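Trainee: Quick one: this structure, given as structure tokens, is what I'll be asking you about.
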Amino acid sequence: MSDNKEFIYVLRLKPAFLDRSIWTEKEDKIVEEHFQYLLQLKEEGELILAGRTQTFDEKTFGIVILRVDNELEATLIMEQDPAVANQLMTSELFPYSIAVM
């Protein structure tokens, strides 16, 4: 039996980026890097799922659910997410437990 724990981090666009019309190639590139990062985490077996709401306003958010060894590992994964590291999005980590899947 695995001792891995589940964590969820919630992502929100920084308010300055809520207006998609002001995005440049830089923001588009960051989002693509973020997506590729998530795919890599999935391939490595650390990502359970990721997704976002289908709105584009101040209530918009994304989630990333991880299964990793500990909170430090989850924190490092979250902080290294290109969307977070490049300050396009804010993030908040929570211990999590999937009840039904």
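Trainee: Roll a 1.4 Å probe over the protein heavy atoms and report the accessible area of Arg20 in Å², nearest 10.
Mentor: 110 Å²
Trainee: Accessible area of the chain with a 1.4 Å probe: how many percent of it is carbon plus sulfur?
Mentor: C and S fraction of accessible area: 54 percent.
Trainee: Rank these residues by their accessible area, most exposed first, probe 1.4 Å: Ile22, Ile98, Ile77.
Mentor: Ile22, Ile98, Ile77
Trainee: In square angstrom, what is the accessible area per residue of the chain with a 1.4 angstrom probe? Don't jump to the answer; show the numbers that get you there.
Mentor: Values: 6720 Å² over 101 residues.
Accessible area per residue: 67 Å².
Trainee: Follow-up. At 1.4 Å probe size, what's the solvent-accessible area of Phe7? Round to the nearest 10 Å².
Mentor: Using a 1.4 Å probe on the heavy atoms, I get roughly 10 Å².
Trainee: With the calculation restricted to Cα positions, what are the radius of gyration and Dmax of the chain in angstrom?
Mentor: 13.9, 49
Trainee: Is there a quick way to get the dipole size of region 19-61? I mean about its Cα centre, with the Cβ of Lys and Arg at +1 and of Asp and Glu at -1; what is the value in debye to the nearest 20?
Mentor: It comes to approximately 140 debye.
Trainee: Moving on to the next point. Relative to the present Cα-Cα distance, how much length would full extension add between Glu25 and Asn4 at 0.36 nm per residue of separation?
Mentor: Numbers: separation 21, 0.36 × 21 = 7.56 nm, distance 3.76 nm.
Gain on stretching Glu25 to Asn4: 3.8 nm.
Trainee: Using Cα pairs under 8 angstrom and six or more residues apart, how large is the relative contact order of the chain, in percent?
Mentor: 48 percent
The values are calculated or read from the model by the stated rules, or taken from the named source; none is laboratory data. Here the structure is a predicted model, which means the values were calculated and not measured. Glycine also receives a Cβ, built like all others from the backbone with ideal geometry; neighbour counts cover every protein chain displayed. These accessible areas exclude ligands, DNA and RNA; they are computed on the full protein's heavy atoms, side chains included. Shrake-Rupley method; radii C 1.70, N 1.55, O 1.52, S 1.80 Å.
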